[in-house]
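*Asks:* The structure that follows is given in the form of structure tokens.
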Amino acid sequence: MSSPPKFISIIKPSTFRTLQKATTTSSSPYRTIPVDATWFMPNNSRNAYAEFQKDTHLPPTAKFFDVDKWSRDSPYPHMLPTQSIMNEAFSELGIHPSDNLVVFDRVGNFSAPRVAFTLKLAGHGKIYLLDNYPNYLKFDFPKEEKGGQDVKLALDGKDNGDVDVAGEVNEVHSPHPYEEIYDREVIEYEELVTHIENNDITNYLILDARSPERFTGAAPEPRPGLSSGHIPTAKNLPFTKLLNADANNEYKTRSEIESVLTNELGIDLEKLGQNEYYPDGVIVMCGTGVTACILKLALENIVKVKVPVKLYDGSWTEWAMRAPDKYIVKDV
């Protein structure tokens, strides 16, 4: 079996500029492509693509990734695309296998982690999450009238991931088979139900990124008629607890995130995955699989847990629509 590809590296605005500078020279065979992954909830009147088109702080090479357009047909919203859909997306967007993709969203960290994971699933090798775009704008970098050539650096702290500009140039986008990555990174409804029925669901630590009110069942779900509540044994970890609201939703530091996991959820990170302590790893979920990726990225790239972290893509929307009532837990 081929070795798994590295997950997304988290970079700060200054490193984004350095990455651009290193790949805009005539001798560089690589390109740095900003990927706008902005997606707003249906009840938000903002238009992500319209804002992308008006943005003057991005180079002409920037691309817009439409979360809803590039998803597979499903009763559940914006489910992960198939490899064939992603190949179509790469072709239409003009993304090459050798490109350095810098993914961001205009909220700070909301939909970008989901798109970064989607690109990883499709086999792209060089993916960076910009942490984050509002802070990039705050540093007042020059407008991109020269296609990214005019570079000003800002000293804004260290990155959470290593930056490697160069890499093997693959002729296809999937050096690692899609199914191999999917099986390792994603868990589906049927498997979850089987674990509950076999009484071994406690082998997983299930983290739900929704608000406490939706998790407990005290507040309704945004989708009319959909029950709120949670999966048996799941713990509530709202994605907002991992982000710094005072810094435009920038990821918190490793020590701050570990403190949330340890002090608020009672998780022993040293024992995680050992013996009988969640030996099969972690499952992350949310409402529709978007903000769960904020948790996934934090656990894998910042906390650097040594256990698998799987995404339940259908998340609560699928679960509430399919699971029997006995598997919908309410705490109110």
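Read-outs: derived from the displayed coordinates by stated rules, not from any lab. Remember, it's a predicted structure, so these values are computed and weren't measured experimentally. Note that we place each Cβ from the backbone using ideal geometry, even for glycine, and neighbour counts take in every protein chain shown.
*Asks:* May I have the extent of the alpha carbons of segment 267-326 along their three principal axes, as whole Å values ordered from largest to smallest?
*Replies:* For segment 267-326, the Cα extents along the three principal axes come out at 36, 25, 15 Å.
*Asks:* What does the net charge come to around Ala219 if you take all other residues with beta carbon closer than 15 Å to its beta carbon, with K and R at +1 and D and E at -1?
*Replies:* Net local charge, Ala219 excluded: 0.
*Asks:* Check each of the trypsin sites (Lys or Arg not before Pro) in segment 237-332 and keep only those in coil by DSSP with at most 15 other C-beta atoms within 10 angstrom; list them in order. List each step's numbers first, then the result.
*Replies:* Numbers: sites: Lys241, Lys252, Arg254, Lys271, Lys296, Lys304, Lys306, Lys310, Arg322, Lys326, Lys330; in loops: Lys252, Lys271, Lys304, Lys306, Lys330.
Those that pass, being in a loop and sparsely packed, are Lys271, Lys304, Lys306, Lys330.
*Asks:* Hey, what's the Cα Rg ratio for segment 188-327 versus the globular rule of thumb, 2.2 N^0.38 Å? Numbers along the way, then the final one.
*Replies:* Values: Rg = 14.7 Å, N = 140, 2.2 N^0.38 = 14.4 Å.
In units of the globular-protein estimate, segment 188-327 measures up at 1.02.
*Asks:* Could you give the dipole magnitude of the chain about its Cα centre, charging the beta-carbon of Lys and Arg +1 and that of Asp and Glu -1, in debye to the nearest 20?
*Replies:* Dipole about the Cα centre, nearest 20: 820 debye.
*Asks:* Let me ask you something else. Just to be sure I understand the model, the point goes 7 Å from the Cα along the line to the Cβ. What's the resulting Arg223 to Ala247 distance in nm?
*Replies:* Roughly 3.5 nm, to one decimal.
*Asks:* Could you bin all the Cα-Cα distances of the chain into 20 Å bins starting at 0 and give me the percent of pairs in each, rounded to whole numbers?
*Replies:* Result returned by the calculation: 32, 58, 10, 0.
*Asks:* In the chain, which longest range has no chymotrypsin sites (Phe, Trp or Tyr not before Pro) that are both DSSP loop (not H, G, I, E or B) and surrounded by at most 15 other Cβ atoms within 10 Å?
*Replies:* With a cap of 15 other Cβ atoms within 10 Å, the longest stretch comes to 1-138.
*Asks:* Under 5 Å between amide H atoms, partner at least 5 residues away or on a different chain: which partners does Met79 have, H built in plane at 1.01 Å?
*Replies:* Distant-sequence amide H within range of Met79: Arg72.
*Asks:* Separation of segment 255-292 and segment 65-122 by C-alpha centroid, Å?
*Replies:* 26
*Asks:* Quick query: amide H of Leu129 versus all other amide H atoms, modeled in the peptide plane; which residues come in under 5 Å with a sequence gap of 5 or more or a different chain?
*Replies:* Ser9, Ile10, Ile11, Val103
*Asks:* I need two numbers for segment 1-109: Rg to one decimal and Dmax as a whole number, Cα atoms only, in Å.
*Replies:* 15.4, 48
*Asks:* Something else: Do any GluC sites (Glu not before Pro) in segment 262-306 lie in a DSSP loop with no more than 15 other beta carbon atoms within 10 Å, and if so, which?
*Replies:* Glu270, Glu276
*Asks:* Which cross-chain or sequence-distant (5 or more) residues have an amide H under 5 Å from the amide H of Val290, H modelled 1.01 Å from N in plane?
*Replies:* Under 5 Å from the amide H of Val290 lies no amide H from a residue far enough along the sequence or on another chain.
*Asks:* Turning to a different aspect of this structure: Enumerate the whole-percent occupancy of each 10 Å bin, from 0 to the last occupied one, for all C-alpha pair distances of segment 243-302.
*Replies:* 20, 50, 27, 4
*Asks:* Return the sequence-ordered ³J(HN,Hα) values of segment 55-68 in whole Hz as given by the Karplus equation 6.51 cos²θ - 1.76 cosθ + 1.60 applied to θ = phi - 60°, using x for Gly and Pro.
*Replies:* Karplus-based 3J(HN,Hα) across segment 55-68 equals 6, 9, 9, 10, x, x, 6, 4, 10, 10, 9, 8, 4, 6 Hz.
*Asks:* Now, a different point. Tell me, what HN-Hα J-couplings in whole Hz come from the Karplus equation 6.51 cos²θ - 1.76 cosθ + 1.60 at θ = phi - 60° for each residue of segment 184-197, using x for Gly and Pro?
*Replies:* Once θ is set to phi - 60°, the couplings for segment 184-197 become 7, 9, 10, 10, 10, 3, 4, 5, 4, 4, 4, 5, 5, 5 Hz.
*Asks:* A further question follows. Using the Karplus curve 6.51 cos²θ - 1.76 cosθ + 1.60 with θ = phi - 60°, work out ³J(HN,Hα) for each residue of segment 99-113 in order, rounded to whole Hz, and write x for Gly and Pro.
*Replies:* 5, 8, 9, 10, 9, 8, 9, 7, 7, x, 9, 9, 9, 4, x
*Asks:* Find out how many positive minus negative residues lie around Ser71, taking Lys and Arg as positive, Asp and Glu as negative, among other residues whose Cβ is under 11 Å from that of Ser71.
*Replies:* Details: positive: Lys69, Arg72, Arg114; negative: Asp66, Asp68, Asp73, Asp313.
My count for the surroundings of Ser71 gives -1.
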